[in-house]
Amino acid sequence: MPVDNRRSRAQPGRGGGTESTDLVDILLTHGYFLDEDPAERNVMKLYPPLGLLYLSSHLKRSGLGVEVLDTTFSTHVKFEEYVSQQRPGIVGIYTTLMTRRNVVRQIQKLKALGATVILGGPEPVNYAEEYLDRGADIIVSGEGEETLEELVPHLHKKGLQGIEGIAGIVYRNDDGEVVRNPPRPLMKPINEQPFPDRAAIDLNRYLETWKTHHGISSVSLITARGCPYRCNWCSHSVFGFSYRHRSPQNVADELELIRDTYAPDQVWYADDVFTMNHRWLFEFVKELKRRNLHYPFETISREDRLNEEVVRTLAELGCYRLWVGAESGSQRILDAMERRTDAVRMREMLALLKRFGIRSGTFIMLGYDGESWQDIDATAAHLKAVPPDDVLVTLAYPIKGTPFYDKVADRIIPLKDWDLGSDRDLTFRGRHSRSFYDHAQRWMMNDLQARRHLDASERSLARLAKSMVIAKSHRLGMYLTRWQKEHG
Ligand code: B12
């Protein structure tokens, strides 16, 4: 049955009251609420979901009416009031593993209001059946631009009838079977995509939040899509193993627009691996120089995509901090992860960053399958050898759809309640307890801190002693929790 449920977009503020203008064909939203994220409330380095903004600009360019409801600074209650009032006909929700619980609640509300619900992003395609069971009508796999461009007008004209011809979607047919249509090829070239529709949301709220908490403001952008590396814990559900970059000129145009519209103090290149293509990077520097465009920035890379020339170029370009995923200091574990990086070279690259005045950040993953006590010690020694300025430690968790998940699948301890948890809560038999890793992390970080105190030009014995005592207590905690597990 056709779903002729477009509604007029109310435009508050224009001409005083609310006047109906163009039609809204789809409401795009997501399930992230800052007020439910105490960890982020300590950090307050927020960025909007770029994927939704890309969808919005693409669909608007193809003539569709789009509204973006950004929930970051909102609450569930406000979300529910908004949709109850506006009664959107078709709603698309960006879903990641972290927002599952909220998205399930949003689906329920929207279905009660009679909306057609489409999910996209990296998570739903991994749990298509679960999301469809909870009321989602369609799941889009991969990039959403072209799929929505075809799907939304179809839904308005014919409803769910005839969607079997639309590539890149998953749904239930009339017999209740889950149907996965053939995948949609990735868009090529991405240079022709319009810039993310930042005007669709209140981006200034993000900038103000940055200013309030950090004294500077920051805007995110991406220069490329995808990553060809095969680290086996990483989710590749959206872009596969492809890598497509935009032209340096195209990125510079966006940067100019960002400067002219928002004048941020810095930017964040939210790419998977910013220094993937060295020739591209060198051209980008030239382009920015030609335009006299200089922005301090931070971004992410890999050890094997760095060398002296690249690091010098990054420094020249304004990079003040580079995150390089070390993941482990044990080569045995790096190889098991199929990370294709070298622990020794990683340390050399950290030293290189220091030499060029770039702050270094690194990610560490504890508890990977097969990691032994010696591997954990190797990671701690690795961190102390060339201490990075910032370290983020996570307990390895298997994301569905990854080779890591498949490897431990028969040992995964299922969640008590799928709706309330996430893949981040998954653990598996054959490794230590959570409290062991908690101690291991604290031991490692305090041991590193002690090393930093030792290296400091003005040494504080009190601080050094404090870090050493805390480190020792957590080392003891590691022994105790291991003993507890082994002896019931
Ligand atoms: C930037 C980023 C962050 C930022 C988020 C800030 C922000 N809002 O930008 C920060 C650093 C905070 C972050 C944190 C985390 N992240 Co993150 N992050 C990314 C990253 C690198 C880029 C996202 C992006 O902008 N992509 C570019 C756009 C164009 O792509 P996209 O968002 O996927 O959108 C496209 C499609 O998905 C689709 N689509 C998107 N929405 C919708 C909606 C509809 C209706 C439809 C039809 C289609 C659709 O169309 C879009 C355009 O083609 C991705 C990896 C990646 N390359 O995407 C990981 C990624 C999203 N993060 C991930 C993870 C695991 C995390 C953490 C849990 C890590 C951790 N600490 O353990 C945390 C969770 C934080 C939280 N509380 O939610 C995973 C998610 C895996 C999953 N299955 O859900 C990813 C995919 C990384 C990975 N490869 O494993 N992350």
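We did not get these values from a lab; they are worked out from the coordinates using the rules stated. All figures in this text were calculated on a predicted structure; none of them were measured in a lab. Backbone-built Cβ (ideal geometry, glycine too); neighbour counts: all protein chains shown.
Of Leu55, Tyr82, Pro38, whose Cα points farthest to the positive end of the dipole of region 36-95 (charges on the beta-carbon: +1 Lys, Arg; -1 Asp, Glu; origin at the Cα centre)?
Leu55
Calculate for the chain the 222 nm mean residue ellipticity that helices alone would give, adding -39,500 (n - 2.57) per DSSP H run of length 4 or more and normalising by residue count, nearest 500 deg cm²/dmol.
The helix-only estimate for the chain comes to -12500 deg cm²/dmol at 222 nm.
Taking the Cβ of Trp233 as the centre, find all other residues whose Cβ is under 14 Å away and add up their charges (Lys, Arg: +1; Asp, Glu: -1).
Net charge in that neighbourhood comes out at -1.
Using 0.36 nm per residue of separation minus the Cα-Cα distance, give me the extension gain between Glu316 and Lys472 in nm, one decimal.
52.0 nm
Against the longest alpha carbon principal axis of the chain, how many degrees, from 0 to 90 and to the nearest 10, is the axis of helix 343-355 turned?
90
What net charge is computed for the residues neighbouring Ala263, neighbours being all others with C-beta under 15 Å from the C-beta of Ala263, Lys and Arg scored +1, Asp and Glu -1?
My count for the surroundings of Ala263 gives -2.
Over the chain, calculate the relative contact order: mean separation of alpha carbon pairs under 8 Å at least 6 apart, over the residue count, as a percent.
Relative contact order of the chain: 11 percent.
Do the alpha carbons of any pairs in Lys111/Lys416; Lys416/Lys472; Lys157/Lys188; Lys286/Lys354; Lys78/Lys416; Lys354/Lys400 sit beyond 32 Å of each other, and which pairs?
Beyond 32 Å: Lys416/Lys472; Lys354/Lys400.
What is the calculated FRET efficiency for Arg355 to Met187, with r their C-beta to C-beta distance and R₀ = 41 Å, to the nearest 0.05?
0.55
With each label point set 7 Å from Cα along the Cα-Cβ vector, what nm distance links Gln249 and Asp419?
Going by the 7 Å Cα→Cβ label model, 5.4 nm.
What does the charge count around Phe274 come to, taking other residues whose C-beta lies under 13 Å from its C-beta (Lys +1, Arg +1, Asp -1, Glu -1)?
Local net charge: +2.
Can you give me the relative contact order of region 67-145 as a percent, contacts being Cα pairs under 8 Å and 6 or more apart?
Once normalised by length, the contact order is 28 percent.
Determine, for Tyr229, Tyr47, Tyr206, the number of other Cβ atoms within 10 Å of each Cβ, and report the residues in order from fewest to most.
Lowest count first: Tyr47, Tyr229, Tyr206.
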